[in-house]
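Notes to accompany the following structure.
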Amino acid sequence: MAQSSGQHVGYLRLVAILFAEDDKIFDFLSHIEIVNKTKDTKWIYYKRFNGIPKTKNNIYWFSLWRFMSELEDYDQMSCTVFSDL
């Protein structure tokens with residue numbers, strides 16, 4: 001997450017594509033886990049989905065995270081999406 005020296009990362013945009021092999025799934029829980037490895041901090045967001053489209057069985061999950069001054073230059077980050085789908 002490098003920018004010019006001394007700046008903070010204010011926002012993080014995340015897009016996750018969830019795919020189900022069965023179009024009969026109607027209720028499942030997913031969550032996003034963002035970890036700042038440099039500062040040993042973690043943020044988790046849970047989202048329950050009801051139903052899944054029959055067309056291609058895809059769900060596009062757009063998420064915007066506002067961090068403001070919590071992330072700095074060269075922080076090592078990881079983003080993981082978990083689902084019981």
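Computed from the coordinates by the stated procedures, all read-outs in this text should not be read as laboratory data. Keep in mind that this is a model prediction, so the values were computed, not measured. Heads up, the Cβs are rebuilt from the backbone with ideal geometry, glycines too, and the neighbour counts pull from every protein chain shown.
Need pairs with beta-carbon distance below 6 Å; first residue under 14 Å from Ile17 (Cα atoms) and within region 67-85, second surrounded by 14 or more Cβ atoms within 10 Å (Cβ to Cβ) and of a type in the set (Gly, Ala, Ser); sequence gap 6+ or separate chains.
Val81/Ala16; Ser83/Ser30; Leu85/Ala20
Just name the residue that is surrounded by the most Cβ atoms within 10 Å (Cβ to Cβ) out of those in region 28-66 that are over 19 Å from Leu18 (Cβ atoms) and not polar (S, T, N, Q). Give the steps one after another, and end with the answer.
So the first thing to find is which residues in region 28-66 are over 19 Å from Leu18 (Cβ atoms), and the list is 35-43, 66.
From what is left, the residues that are not polar (S, T, N, Q) are 35, 37, 39-40, 42-43, 66.
On the way: Val35: 16, Lys37: 11, Lys39: 13, Asp40: 7, Lys42: 11, Trp43: 14, Arg66: 8.
Of everything passing the filter in region 28-66, Val35 is surrounded by the most Cβ atoms within 10 Å (Cβ to Cβ).
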